[in-house]
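One structure below.
The values are calculated or read from the model by the stated rules, or taken from the named source; none is laboratory data. Values in this document were obtained by computation on a predicted structure and should not be read as measured data. Glycine also receives a Cβ, built like all others from the backbone with ideal geometry; neighbour counts cover every protein chain displayed. Calculation scope for accessible area: heavy atoms of the full protein, side chains included, ligands and nucleic acids excluded. Shrake-Rupley method; radii C 1.70, N 1.55, O 1.52, S 1.80 Å.
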Amino acid sequence: MRYAILSDVHGNLEALRAVLADAASRSDGLLCLGDSVGYGADPVACVEILDRRARAIVAGNHEHGVAGLLDLEWFNGWARAAAEWTRERLDDEHRAWLGALPLTSEVGDATLVHASPEAPEEWEYLVTPDEGWAAFPFFATRWCFVGHSHVPGVWSLGSSGPEFEPRPVTVVGEAGRRYIVNVGSVGQPRDRDPRAAYAVWDVDAARVELRRVPYDIEAAREKIVAAGLPRFLADRLTVGT
Ligand code: ZN
């Protein structure tokens, strides 16, 4: 079994389509780590594709914001404007579906969570080496897949000591080691590589590949501007920040 693991699609349909095309020959199923909406101009299309295709989906802070479960005061100005715009475009059924997603899910020997396995609803970011290593006691599986920071990377713990790779890498699981993998963002990468990011988890080979996929950034940019969303949300796609 091979899963494509997607996070932080953020209403970017062009990026989502490119990732699904790349994943088609490389995976047998789809998992989603939340923040499917917010920032991009196609929240409805992205929600409907992920609802239809994903075997498991967990909620992100943007789902909770749009569904009314998280005060929009929590967000910065750009994110709040995008959340308000997105909320108006979704109907009651979409909002109810987003609000009903679980905060965590287990698939085989992996935990799925948007932010941190320690108190997922507090939306803490795992960024530094220590922040990642401190999260290991809060999940029981060998693998934990996260998103939220939009920066791909891998933390691991085992008898030979802690390790951290703050970049897209391919990991082959070693006996006795456990892993937290940030799969990066499909729709709004922030590691200065504007290509869409996602992971392929080969369960039997205990192998995770963090992939990058070029997509039509200009089309996604133009839709954001035409929708009347903040121009900053369009421009950051070009530089991947
Ligand atoms: Zn996000």
Some residue of the stretch 137-159 being more than 24 Å from Leu30 (Cα to Cα), open to solvent by less than 20 Å² (accessible area, probe 1.4 Å) and over 19 Å from the mean Cα position of the chain (by Cα): no
Listing of strands (runs of 3 or more DSSP E) fully contained in the stretch 159-198 that carry 3 or more residues being more than 18 Å from Ala4 (Cβ to Cβ): 163-165
Condition met for Val107 (surrounded by 21 or more Cβ atoms within 10 Å (Cβ to Cβ), within 17 Å of the chain's Cα centre (by Cα) and either under 26 Å from His64 (Cα atoms) or within 14 Å of the ligand (Cβ to nearest atom) (or both)): no
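Check whether at least one residue in the stretch 223-234 is free of Cβ contacts under 8 Å to residues at least 40 places away in the same chain and part of a loop (DSSP other than H, G, I, E, B), and report yes or no.
No, every residue in the stretch 223-234 fails to be free of Cβ contacts under 8 Å to residues at least 40 places away in the same chain and part of a loop (DSSP other than H, G, I, E, B).
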Unique match (being within 16 Å of the ligand (Cβ to nearest atom), farther than 16 Å from Ala100 by Cβ, open to solvent by less than 30 Å² (accessible area, probe 1.4 Å) and outside any strand (DSSP E or B)) among Ala23, Ala59, Ala41, Ala18: Ala41
Qualifying residue in the stretch 111-129 (condition: out of contact with any helix residue (DSSP H, G or I) (no Cβ under 6 Å at 6 or more places or on another chain), open to solvent by less than 40 Å² (accessible area, probe 1.4 Å) and away from the ligand (no atom under 16 Å from the Cβ)): yes
Subset of the stretch 1-15 (residues that are open to solvent by 20 Å² or more (accessible area, probe 1.4 Å) and outside any helix (DSSP H, G or I)): Met1, Arg2, Tyr3
Given (1) out of contact with any Phe, Trp or Tyr (no Cβ under 9 Å at 6 or more places or on another chain); (2) surrounded by 20 or more Cβ atoms within 10 Å (Cβ to Cβ), number of the condition Glu218 does not satisfy: (2)
Residue, farthest from Val225 (Cα to Cα), within the stretch 1-15, restricted to residues that are touching a Leu at 6+ places or on another chain (Cβ under 8 Å) and within 16 Å of the ligand (Cβ to nearest atom): Ile5
Scope the stretch 139-156; condition within 16 Å of the ligand (Cβ to nearest atom) and closer than 21 Å to Glu121 by Cβ; matching residues: Phe145, Val146, Gly147, His148, Ser149, His150
Test: residue in the stretch 76-92 that is within 16 Å of the ligand (Cβ to nearest atom), in contact with a Ser or Thr (Cβ under 7 Å, 6 or more places away or on another chain), more than 24 Å from Val208 (Cβ to Cβ) and not in a loop (DSSP other than H, G, I, E, B): no
Members of the stretch 47-90 found to be in contact (Cβ under 8 Å) with a residue 60 or more places away in the chain and within 16 Å of Gly187 (Cα to Cα), listed by number: Gly60, Asn61, Trp78, Ala82, Thr86
Close pairs from the stretch 125-149: first more than 20 Å from Cys32 (Cα to Cα), partner among the basic types (Lys, Arg) and open to solvent by 20 Å² or more (accessible area, probe 1.4 Å), Cβ under 8 Å, at least 6 apart: Phe136/Arg178
